[in-house]
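Asker: Sharing a structure, written as structure tokens. Questions coming.
The values are calculated or read from the model by the stated rules, or taken from the named source; none is laboratory data. Model, not experiment: these values are computed from the prediction. Note that we place each Cβ from the backbone using ideal geometry, even for glycine, and neighbour counts take in every protein chain shown. These area figures cover heavy atoms from the full protein model, side chains too; ligands, DNA and RNA do not enter into them. Shrake-Rupley method; radii C 1.70, N 1.55, O 1.52, S 1.80 Å.
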Amino acid sequence: VDEIAPPAKQSYLLPGLHVDEIAPPAMAPPKQSYLDRARAASLLQARTRGRQARARGRKARGPRHSSWSDPLGQWNNGHAVWEWRRATGRRSSSSSDAVSSACFPSPIDLRPRPTPRNACAIALLGLPLLLLALVAFPWLVAAALLGYAYLRLPRLLGWAVSQAVTRFGLFGYPLTLGAIHLSPWLELRPARLHLRLCVEDFSLSNPPSLDCPHRHFVSAGALDFLLTIDLRWLRELLRTGRLQPVPVHFEQTRVQRVKLFFELYQGQLNINALTREIAEREVRAALASRARSCCRRQPAP
């Protein structure tokens, strides 16, 4: 059966022209969308960065066989050099950074970068529109500003409280509060004020004079408190004129994502340096206030 030849191809269109010789019509390739082009550009950029990072890592690691001789003069190859460096810890930080960048490449940022031309264009286009809105719709601009201030109120309140506590409570020692959310409600019988207080991104810095590896001594992602304040002291204050102790009850306390660093740096423990520095700042502030009061009391010559 294998020796039987297949039938000859016959043409049903034109004499002397076979069917398989007819060329198919040329078709244009489909056009790529914007997302496809952006995805292809990002993939090409990621591959380029990966190759560059791997090249930096190979350059940082150096050649496989080195001509440097070890201190004992017994071996003269790359393995002995690596063992001696690993034993003594003598390895440059730049090489370790390059190796880490080669293993973990940085993510790609596809956001448009601001340029002076873009800033000038936005200013030229936005300033006339802002002036027109101020002249034609002042109430709309005021409502937009009030809405923005309301939305940014937790951040502004956190910044204000951070500055006040740092300056007056800790005498300049840095303390940071990212945002403060307040939710009060009133109960009439009995007269009590309930307050839910949520603080975001709380941090107390390490002593600036100690220069610790970690920036913060203690930090927390969120602090959530539920307070109840008894308002019967107002009745006593209005009736007798004497201020009574204000009872405050902490009904709920929740702390999330806490990080606490006890570090021994330059022969000092960071918590000891923290308490000492706060005490020194307090003493300096007290001496400065006393000196100012003495200067005011002295009569002018």
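Asker: Determine, yes or no, whether residue 243 is part of a strand (DSSP E or B) and aliphatic (A, V, I, L, M).
Answerer: The answer is no for residue 243.
Asker: Among (1) touching a residue at least 60 places away in the same chain (Cβ under 8 Å); (2) closer than 30 Å to residue 200 by Cβ, which single condition is residue 284 missing?
Answerer: Every listed condition holds for residue 284 apart from (2).
Residue-by-condition table, conditions (1) over 32 Å from the mean Cα position of the chain (by Cα); (2) more than 30 Å from residue 196 (Cβ to Cβ):
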| position | (1), (2) |
| --- | --- |
| 116 | no, yes |
| 119 | no, yes |
| 123 | no, yes |
| 126 | no, yes |
| 132 | yes, yes |
| 148 | no, no |
| 154 | no, no |
| 158 | no, no |
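Asker: Can you tell me which of (1) over 30 Å from the mean Cα position of the chain (by Cα); (2) free of Cβ contacts under 8 Å to residues at least 12 places away in the same chain; (3) open to solvent by 60 Å² or more (accessible area, probe 1.4 Å) is the one residue 264 doesn't meet?
Answerer: Among (1) over 30 Å from the mean Cα position of the chain (by Cα); (2) free of Cβ contacts under 8 Å to residues at least 12 places away in the same chain; (3) open to solvent by 60 Å² or more (accessible area, probe 1.4 Å), the lone unmet condition for residue 264 is (1).
Asker: Among the numbered conditions (1) in contact (Cβ under 8 Å) with a residue 24 or more places away in the chain; (2) surrounded by fewer than 16 Cβ atoms within 10 Å (Cβ to Cβ); (3) within 27 Å of residue 160 (Cα to Cα); (4) not basic (Lys, Arg), tell me where residue 275 comes up short.
Answerer: (1)
Asker: Within the range 226-234, is there a residue that is open to solvent by 80 Å² or more (accessible area, probe 1.4 Å), over 23 Å from residue 275 (Cα atoms) and not in a strand (DSSP E or B)?
Answerer: yes
Asker: A further question follows. If you scan the range 162-185, which residues turn out to be of a type outside the set (Gly, Ala, Ser) and open to solvent by 50 Å² or more (accessible area, probe 1.4 Å)?
Answerer: Scanning the range 162-185 gives 163, 165, 167, 168, 171, 176, 181, 182, 184, 185.
Asker: On to the next question. Kindly check whether there is at least one residue in the range 121-138 that is open to solvent by 90 Å² or more (accessible area, probe 1.4 Å) and in contact (Cβ under 8 Å) with a residue 24 or more places away in the chain.
Answerer: Checked the range 121-138: no residue is open to solvent by 90 Å² or more (accessible area, probe 1.4 Å) and in contact (Cβ under 8 Å) with a residue 24 or more places away in the chain.
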